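Below is one structure, written out as structure tokens; comments come after it.
The values are calculated or read from the model by the stated rules, or taken from the named source; none is laboratory data. In this text, all values refer to a predicted model and were calculated from it rather than measured experimentally. Note that we place each Cβ from the backbone using ideal geometry, even for glycine, and neighbour counts take in every protein chain shown. Calculation scope for accessible area: heavy atoms of the full protein, side chains included, ligands and nucleic acids excluded. Shrake-Rupley method; radii C 1.70, N 1.55, O 1.52, S 1.80 Å.
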Amino acid sequence: LLPLRHGRMVRSAFTFYRGAALTMASDLASTPASGIRVQCCGDAHLCNFGGFATPERKVIFSINDLDETLPAPWEWDVKRLAASFVVACRDNHLKDAVARDVALTCVRSYRESMAEFSQLKTLELWYRSLPAEELIAGLPSDLRKRAVKRIEKEQAKSRGEEMFPKLVEHKGDVPVIKDQLPTIFHAEGHRPGEVEQAVRDVLAGYRGTLSHAHQSLLDRYEVRDAAVKVVGVGSVGTLCWVLLLTAGEGDPLFLQVKEARASVLEPYAGASAFANHGQRVVNGYRLMQPASDMFLGWSRGPKRDFFFRQLRDMKISVLVETFGPAEMTIYAGWCGRALALSHARSGSASMLSGYMGRSDALDKAIASFSMAYADQNEKDHAALERAVRTGKVKAVFEEAK
């Protein structure tokens, strides 16, 4: 799968940035830091934020990809997020003056939100979330209508019963996952509906990490099929399965089982406190998200660690590639605020707010860093392009959908 990853990364400087969390972690390790640590995302670019459903079926906005999460300097997340907005603005052919203003907005939102969160009592902070309706209410009327329509569409599309006919076909009376090459396919030597023992063993280990109530819920379902799924940009090349379980006809549950490797931050921020990297990821979700998937859990195979969650449980990604200056600025404010809330949950909001202060000095410094890092990212992307063109690096390109 690595050639597929290279193909996705080489498409543009933006897709390269999305797949280069390790490169940036190495670069950030040499930059000054305040010494204040929080639970970091480790890959806090703008496409790793979005809407998702709480167990109460309310849609909130937060970080939604925490494969690289680890305690680390808070600045690293802020810098990766702000720089991602510059890279995305350039990818959308927006002027550098706009890109710099968007990065400033992102950091200012983080700083001002942290000051606000520092005034909350501990439980108030942990009960705090960013509901979609609260964010949408502040949009201009035309954008508000578009956002409401998009949420309604994604809510319907992400329900298990709605995904079922798109992801599943029947072999006789048995429902199985459709092969959709090159991104969804059954493991070599295994027929659809034939769940390999390794998957069953990992599933059994996962069950033990759930609460007794959620074990009872999981036990209502029977595993029907498992298929390999190629995900994202940075995650391509790691093992990921989609599991189809059913509790009856028309009553499906889709679980995503993702390999969890050592965080890209570990060489620079220290080893994880957890022996299982799946547990490291799950702990990060529970610390950083105001509400998390009730099917979150972890397991271990013979050679790999894994974490589990529902597949696309009303997960609403933002169509960044369509954004102009106004949309990009608004979204930068949302992401900055969401990151501040996630950091405040695991760190000291008062200490962070006191360090950043009330002036815009930090905003300007990180905006300048973001512009310079976007330049470096373009050079790194160009180097990958040359390596692919000369045959040093193999790349596989998918057809545009």
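Average accessible surface for the range 187-234: 53 Å² per residue, computed with a 1.4 Å probe over protein heavy atoms with every protein chain in place. Anyone know which of SER368, SER211, SER353 comes out most mobile in the 10 Å Cα GNM of the chain? It is SER211.
Using the Karplus relation 6.51 cos²θ - 1.76 cosθ + 1.60 with θ = phi - 60°, the per-residue 3J(HN,Hα) values for the range 261-268 come to 9, 4, 4, 4, 7, 4, x, 10 Hz, with x marking Gly and Pro. Applying a DSSP loop filter and a limit of 15 other Cβ atoms within 10 Å to the GluC sites (Glu not before Pro) in the range 307-401 leaves GLU398, GLU399. For the pair SER368 and SER26 in one chain, pulling the backbone fully straight at 0.36 nm per residue adds 121.2 nm over the alpha carbon distance.
For the set HIS343, HIS93, HIS170, HIS186, the ranking by accessible area, highest first and with no ligand, DNA or RNA atoms included, is HIS93, HIS170, HIS186, HIS343 under a 1.4 Å probe. One Cα centroid belongs to the range 1-72, the other to the range 177-227; the line between them spans 27 Å. Of the GluC sites (Glu not before Pro) in the range 1-75, the ones in a loop by DSSP (not H, G, I, E or B) with at most 15 other beta carbons within 10 Å are GLU56.
Taking all Cα pairs closer than 8 Å and separated by 6 or more residues, the relative contact order of the chain comes to 30 percent.
Backbone geometry of the range 116-131 corresponds, through the Karplus equation with coefficients 6.51, -1.76 and 1.60 at θ = phi - 60°, to 3J(HN,Hα) couplings of 5, 5, 5, 8, 7, 5, 4, 5, 4, 5, 6, 7, 6, 9, 10, x Hz, x marking Gly and Pro. Once you divide the Cα radius of gyration of the range 4-123 by 2.2 N^0.38 Å, the number left is 1.15.
Ordering PHE295, VAL281, SER113 by the projection of their Cα atoms onto the charge dipole of the chain, which places +1 on the Cβ of Lys and Arg and -1 on the Cβ of Asp and Glu, puts SER113 at the extreme positive end. Dividing the Cα radius of gyration of the range 267-401 by 2.2 N^0.38 Å, with N the residue count, gives 1.40. Between TRP298 and THR209, PHE308, the built amide H atoms are under 5 Å apart, and every one of these is 5 or more places off in sequence or on another chain.
Close amide H partners of GLY347, meaning residues 5 or more places away or on another chain with modelled amide H under 5 Å apart, are GLN39. Atom-type composition of the exposed protein surface of the chain places 52 percent of the accessible area on carbon and sulfur (1.4 angstrom probe).
Accessible surface comparison of ASP142, ASP380, probe 1.4 Å, protein chains only, largest first: the order is ASP142, ASP380. Between GLY248, GLY354, GLY336, the residue with the greatest mean-square fluctuation in the GNM of the chain (Cα pairs under 10 Å linked by springs) is GLY248.
Stokes-Einstein diffusion coefficient for the chain at 25 °C in a medium of 0.890 mPa s, Rh from the Kirkwood formula over Cα pairs: what value in µm²/s?
Roughly 112 µm²/s, to the nearest whole number.
Accessible surface of LYS379, taken over heavy atoms with a 1.4 Å probe and every protein chain present, rounds to 130 Å². In this structure, the residue pairs whose Cα-Cα separation is over 20 Å, taken from LYS229/LYS315; LYS79/LYS145; LYS149/LYS315, are LYS79/LYS145. The magnitude of the dipole of the chain, with charges of +1 and -1 set on the Cβ of Lys/Arg and Asp/Glu and taken from the Cα centre, is near 340 debye. Note on HIS190 and ALA97: their simple-model spin labels are 5.6 nm apart, each label 7 Å out from Cα toward Cβ.
The angle between the Cα long axis of helix 325-346 and the main principal axis of the chain comes to about 80°, on a 0 to 90 degree scale.
Toward the positive end of the charge dipole of the range 49-119, with +1 on the Cβ of Lys and Arg and -1 on the Cβ of Asp and Glu, the farthest Cα among PHE49, ILE63, VAL86 is that of VAL86. Rolling a 1.4 Å probe over the protein heavy atoms leaves HIS190 with an accessible area of roughly 60 Å². Projecting label points 7 angstrom from Cα along Cα→Cβ for ARG358 and LYS392 puts them 5.3 nm apart.
Per residue, what accessible area does the range 100-156 have, given a 1.4 Å probe and all protein chains present, in Å²?
Per-residue value: 59 Å².
Taken about its Cα centre, the range 243-401 carries a charge dipole of roughly 520 debye when the Cβ of each Lys and Arg holds +1 and the Cβ of each Asp and Glu holds -1.
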